[in-house]
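S.K.: Pasting a structure here, questions to come.
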Amino acid sequence: FGVATFYHLFTLTPPGRHSCVVCTGTACHIRGADKILCAIESAFSLQPGDTTPDGAATLNIARCLSFCGPAPVVEFDAVAHGNVTPDAAVDQIRGWINHDA
């Protein structure tokens with residue numbers, strides 16, 4: 001238990017079938033990562049580390065995804081996307097929830 005709770009990449013709950021990782025590095029923060037996180041929280045009541053109740057998606061943050069040019073960057077299922085808007089992030093997660101339902 002001590003090891004699993006010490007390292008941030010370990011989790012005690014299973015991850016969702018899909019993953020959304022919002023970069024919070026400097027460039028992404030300046031270009032709106034916080035707005036993306038707020039939109040996801042508002043739409044789905046998710047905080048970083050949470051999974052939707054149906055298990056469709058898990059939200060996480062990264063300190064830097066090393067893909068700063070097209071900030072803000074979000075990884076959807078480990079594929080980085082640049083210039084992501086809050087609406088686009090919400091639509092992606094909503095699509096996973098609706099598709100997997």
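The values are calculated or read from the model by the stated rules, or taken from the named source; none is laboratory data. Computed from a predicted structure; not experimentally measured. Virtual Cβ from ideal backbone geometry, glycine too; neighbours counted across all protein chains shown. Note: accessible area is taken over every heavy atom of the protein model, side chains too, but ligands, DNA and RNA are not part of it. Shrake-Rupley method; radii C 1.70, N 1.55, O 1.52, S 1.80 Å.
S.K.: Along its principal axes, what span do the Cα atoms of the chain show, with the longest given first and each in whole Å?
M.R.: Principal-axis extents of the chain (Cα, largest first): 38, 33, 22 Å.
S.K.: A further question on this structure: Once both labels are modelled 7 Å past Cα along the beta-carbon direction, what's the H81-H29 spacing in nm?
M.R.: With each label placed 7 Å out from Cα toward Cβ, I get 2.4 nm.
S.K.: For the chain, what is the accessible area per residue in Å², given a 1.4 Å probe and the full set of protein chains?
M.R.: Values: 6100 Å² over 101 residues.
Ligands and nucleic acids excluded, the result is 60 Å² per residue.
S.K.: For segment 17-34, what does the Karplus curve 6.51 cos²θ - 1.76 cosθ + 1.60, with θ = phi - 60°, yield as ³J(HN,Hα) per residue in whole Hz, taken in order and with x for Gly and Pro?
M.R.: Running phi through 6.51 cos²θ - 1.76 cosθ + 1.60 with θ = phi - 60° gives 5, 10, 10, 10, 10, 9, 6, 10, x, 4, 4, 5, 4, 4, 9, x, 4, 5 Hz.
S.K.: Between beta-carbons, use under 15 Å as the cut-off and find the net charge around A88, counting Lys and Arg +1, Asp and Glu -1.
M.R.: Numbers: positive: R31, K35, R94; negative: E75, D77, D87, D91.
Around A88, the surrounding residues sum to -1.
S.K.: In terms of modelled amide H atoms, which long-range or inter-chain residues lie less than 5 Å from the amide H of H81?
M.R.: V74, E75, F76
S.K.: Please list, in order along segment 59-70, the HN-Hα scalar couplings obtained from phi with the Karplus expression 6.51 cos²θ - 1.76 cosθ + 1.60 (θ = phi - 60°), rounded to whole Hz, x for Gly and Pro.
M.R.: For segment 59-70, the Karplus-derived couplings read 9, 9, 10, 10, 5, 6, 9, 6, 9, 7, x, x Hz, x marking Gly and Pro.
S.K.: Taking amide H atoms as placed 1.01 Å from N in the peptide plane, list the residues 5 or more away in sequence, or in a different chain, whose amide H sits under 5 Å from that of N60.
M.R.: Excluding prolines and chain starts, which carry no amide H, the hits are C20, V21, V22, G49.
S.K.: Ok, one more. At 1.4 Å probe size, with the rest of the protein present, what percent of the exposed accessible area of the chain is carbon and sulfur atoms? Let's see the in-between values first.
M.R.: Numbers: 3570 of 6100 Å².
With neighbouring chains kept in place, the figure for the chain is 58 percent.
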